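Worksheet: the structure to be examined is printed underneath.
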Amino acid sequence: MSEHNNNILLTVNNLTLYFPVFKGIIFKKKIGEVKAVDGVSFSIASGETLGLVGESGCGKTSTGRAILQMDHPTSGEVIFEGADITKLNKYELRHLRKKMQLIFQDPFGSLDPRMTVRDIIGEPLLIHKLNGSKAEYREQIDHLMETVGLNPRMVDRYPHEFSGGQRQRIGIARALSVRPSLIICDEPVSALDVSIQAQIINLLEELQEKFNLTYLFIAHDLAVVRHISDRIAVMYLGEIVEFADRKDLYHSPQHPYTQALIAAVPIPDPLIEAERKHVLLSGEVPSPLNPPAGCKFHTRCPYVHDLCRKKTPQLNQVSDRGHRVACHLSAKAPDRNNP
Amino acid sequence: MSKLLEVKNLSTHFFTDDGLVKAVDNISYSLNEGETLGLVGESGCGKSVNALSLLRLIPNPPGKIVSGKVIFEDQNLLTLSEDDICRIRGNRMAMIFQEPMTSLNPVMTIGRQLMEPMEIHRQMTRGEIQERCLDLLKRVHIPEAPTRMNAYPHQFSGGMLQRAMIAMGLTCNPRLVIADEPTTALDVTIQAQLLELMKDLTREFGTALIIITHNLGIVARYADRVNVMYAGRIVEKSTAMDLYKNPRHPYTIGLMASVPRLDQDMKKKLKPIEGQPPDLIHLPSGCSFHPRCSYRVERCLNETPELKTVNENHEIACWVDVRT
Amino acid sequence: MSDETIDQLQPQRASRIGVWAVMKAILKHKVSCVGVVIIILLSLMAIFAPLIAPHDPNEQDLYHVLENPSRKHLLGTDDVGRDLLSRVIYGSRISLLVGVAATIFAAVIGVILGLIAGYKGGMVDMVIMRITDTFMCIPGLILLLVMAAALGPGLHNIIIAISLIGWTGFARIIRGQVLMVRELPYIEAANAAGASGFRIMFRHLLPNSLAPIIVAGSITIGGVIMLESAAAFLGLGVQPPTPSWGKALRIGYSYLEVVPLFSIAPGLMITLAILAFNFLGDGLRDALDPRLRGQGKKIE
């Protein structure tokens, strides 16, 4: 992605998002914080897709929400088109919403059941007063429906009359309506049937080409993320543990967690499966309320040693292609790769 | 290997206000002792209804098993009395559900729920039962098993609960375990742990396993044989090896081409199956898949294809023989 | 879910509740059908009272007071010789008008306050809900008496007084609904699109929280009719000579042994009206039950 480097659309610097945890009913006492996002930094070039992958509770969705300012970050910068948007007021923020849009996971819940498709797709246009005359408005919506592969004749129907895949298309049309430059896709296909997932992934790719969109693609399915992303960030307990382009991530994963994640995804081919090593992680993800000291992964890491329990590893560059890893071992044992 | 389960022409229909849903429509297959069968398909294809039908757990109304035979250990389960089928459920044949959170009783301790099937099906003293439960919890790698016995479901994480569910499924040493999307609600690394665990345990006890899933990868990794279902019917039936090397039904082919593969290096376009999943009340005529099929011929519109053998251990229900 | 097909037959949580589906469900619900029929008949009676009533309800005939049913007066006459049947027919106007109007006003007040409380949360919620609690603590009839005394008698004042009592239930219901709905992804989607608080409240939260209000509204109408009758019985409410069931019941009560129908007829009408609205409410509740939502929805 080096050719894009001078064309950065979004930079996230040391972003943190903490949620306070209270106890007690009448006298609320703060008993701690959930560090949902804990010092995340990355940048996305215009027209690029950055994949954010991790298991539930790793903070990938919170990262997306903090970028959109849906939850105000605890600290850190979000620089979008050259300006830090964490300092905007309510009205400036509302204005910004038309440049950053969100595609949701749940195609059933994310559409208001009492609105017609026209009203749903047109809502952002109305909010930002981009609707124009009545005829222009109609035309815009028809055009949007065609763009996402829906028949414009269905514009007066309600969401419940559509299947999951079609609803997701409606959600995409809504996001596209205000011509955003950045779209955050939060698990856009995980609620869909296998045969429909491919339709939506292809649609997202086509739209990206057509409108030069930039995606932050958040998902737990490594195969999907690898398919659509140029570069991938792997998150664990609020931190990025590995950052690599799609090729490097699969062929030379450096972080033990990434390795385990790759090994855990079965490949639909029994011949390949028979040959693969099934590296199993022991235990479960620790509570984000009380994360382990040192490297947060040390409780499950098969290669853990003393240093990991004490010192938090930094995200260090390990190759010239921007491959970065947060692991004490990665520098010492470069041969220990490929699951 | 001897035959453990044989399903013959099973049909389960749902009589709803909007019309008849043939959730399972005339399917037949068999399973040998100790074998692992993968049942693959998308939502609404009838794979779960099929599993529930085996144990006669279809809610009636609106559902009803309208025809067929389920022969399990030389008994037709569909003609057994309610008492007799209860002696099979959880004892000879157990089921593991997708949602461990809702499949367990929130106000009973894990231990009590674990012991329940044995109290029903086995003449054993409380001490013996307790001992066996502890042993099982250890087997499914639940740490501190004695204290965990007295814990309530909400004190367990999702992965731990599913482990407990697996232990519960295995308490009575069943001959067949049906796992309905056992890991779909869980994280990938936990998913891998559990599937590996299930595989090990069933291998150790010689238990047959039916894995119901939409994930082609899981089937490739764990199943010996595979049934692919679409709109209530089995459209392809084969050994796992043969199916992945040589998919013959257009739906299976489409499904495989539409899944992004982790080992795929080039940024290549996926080939999705066009169209929408079928409306089960108004199924297309002839072959239900024909509106979405790219190999369709005239005949597919009018006649429903039955399964036919294309080579040893490989059957498809298709008028066109797609050789790939 | 362990069984996708069944799940799809009992559709998704977000499915729309169509008017048609509700009608269908009510038609299936026998008791609420009875309610609907009674309500329609009562409404027709109220609207076409001048056409149906055999006499002028206010025409006094002092030669024929307190008569039992006869050919001329099918239900007899009251203490000043007015035709009882006509007065009962005209009385439906007051009861229905007060019932419907007071319920609508109460619902509007309650819905707006509940919506704001649920959406804004925090301090605003606290204050609004404590006011609601306070109102709920005061027995309705006593509050009504105080208010009627303060505002003076009359049709408008009784409607205002009853609405000021009745809004609390609506506020609580809608607040609960809003607390639930506002966590749904489509509210988030509206937020992400940059929608204002006003838009989210009235365009998204309100339409999706209304279903239980309709049920509560129907049952409240019954309650309001009862309250109005009680007020009239106690001498408040509309002024004579306007015919009212509650008033007729009170006066007839003194002559119970002479002309039983004088009080029984309006009493029965009050019971009938309240029952009818409660029946309808029951039917609506079942129709809007989430488990039955979206009957007739297509299966994907």
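The values are calculated or read from the model by the stated rules, or taken from the named source; none is laboratory data. The shown structure was predicted, so the numbers you read here are calculated from the model rather than taken from an experiment. Quick reminder, even Gly has a Cβ in these numbers, built from the backbone with ideal geometry, and neighbours come from all protein chains shown.
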Q) Restricting attention to segment B:139-153, which residues are in a helix (DSSP H, G or I) and either exposed (fewer than 14 other Cβ atoms within 10 Å of the Cβ) or of a type in the set (G, A, S) (or both)? A) B:A145, B:P146, B:T147
Q: State whether one or more residues within segment A:279-299 are assigned to a helix (DSSP H, G or I) and over 25 Å from A:N14 (Cβ atoms).
A: no
Q) Which of the residues belonging to segment B:236-258 are within 30 Å of A:D248 (Cβ to Cβ) and within 7 Å of chain A (Cβ to nearest Cβ)? A) B:Y244, B:L255, B:M256, B:S258
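Residues checked against (1) surrounded by fewer than 24 Cβ atoms within 10 Å (Cβ to Cβ); (2) more than 10 Å from chain B (Cβ to nearest Cβ); (3) in contact (Cβ under 8 Å) with a residue 12 or more places away in the chain:
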site: A:T147; (1), (2), (3): yes, yes, yes
site: A:Q168; (1), (2), (3): no, yes, yes
site: A:L176; (1), (2), (3): yes, yes, yes
site: A:S181; (1), (2), (3): yes, yes, yes
site: A:V189; (1), (2), (3): no, no, yes
site: A:S195; (1), (2), (3): no, no, no
site: A:D221; (1), (2), (3): yes, no, yes
site: A:I232; (1), (2), (3): no, yes, yes
Q) B:K269 is checked against (1) in a loop (DSSP other than H, G, I, E, B); (2) modelled with pLDDT of 85 or more and fails just one. What number does that condition carry? A) (2)
Q) Are there any pairs with C-beta distances below 8 angstrom linking a residue in segment B:137-151 that is farther than 7 Å from B:A167 by Cβ to a residue that is β-branched (V, I, T) and not in a helix (DSSP H, G or I), with the two at least 6 apart or on different chains, and if so which? A) B:R148/B:I142; B:M149/B:T109; B:N150/B:T109; B:A151/B:T109
**Q.** Conditions (1) surrounded by 21 or more Cβ atoms within 10 Å (Cβ to Cβ); (2) within 9 Å of chain C (Cβ to nearest Cβ); (3) not in a helix (DSSP H, G or I): number failed by A:R114
**A.** (1)
Q.
List the residue pairs whose Cβ atoms are under 7 Å apart, where the first residue sits in segment B:259-282 and is under 21 Å from B:I218 (Cα atoms) and within 7 Å of another protein chain (Cβ to nearest Cβ), the second is crowded, with 19+ Cβ neighbours inside 10 Å and aromatic (F, W, Y), and the two are 6 or more positions apart or on different chains.
A. B:L262/A:Y250
Q. Can you pull out the residues in segment A:316-327 that are within 22 Å of the chain's Cα centre (by Cα), hydrophobic (A, V, I, L, M, F, W, C) and closer than 18 Å to A:R246 by Cβ?
A. A:V325
(Q) Where the second residue is buried (at least 17 other Cβ atoms within 10 Å of the Cβ) and not in a loop (DSSP other than H, G, I, E, B) and the first is facing another protein chain (nearest Cβ under 9 Å) and lies in segment B:95-110, which pairs have Cβ atoms under 6 Å and are six or more apart or on separate chains? (A) B:M95/B:I178; B:F97/B:S103; B:F97/B:D180; B:Q98/B:D180
Q. In this structure, does A:L125 turn out to be over 19 Å from A:E239 (Cα atoms), touching a strand residue (DSSP E or B) at 6+ places or on another chain (Cβ under 8 Å) and within 11 Å of chain C (Cβ to nearest Cβ)?
A. no
Q) Which ones in segment A:266-293 are among the hydrophobic types (A, V, I, L, M, F, W, C) and either touching a Ser or Thr at 6+ places or on another chain (Cβ under 9 Å) or crowded, with 24+ Cβ neighbours inside 10 Å (or both)? A) A:L280, A:L281, A:V285, A:A293
Q: For A:P159, state whether it is more than 30 Å from B:I218 (Cα to Cα) and within 12 Å of another protein chain (Cβ to nearest Cβ).
A: yes
Q: Report whether or not B:G38 is surrounded by fewer than 23 Cβ atoms within 10 Å (Cβ to Cβ), closer than 27 Å to B:M198 by Cβ and assigned by TED's automatic domain parsing to the domain that holds B:D74.
A: no
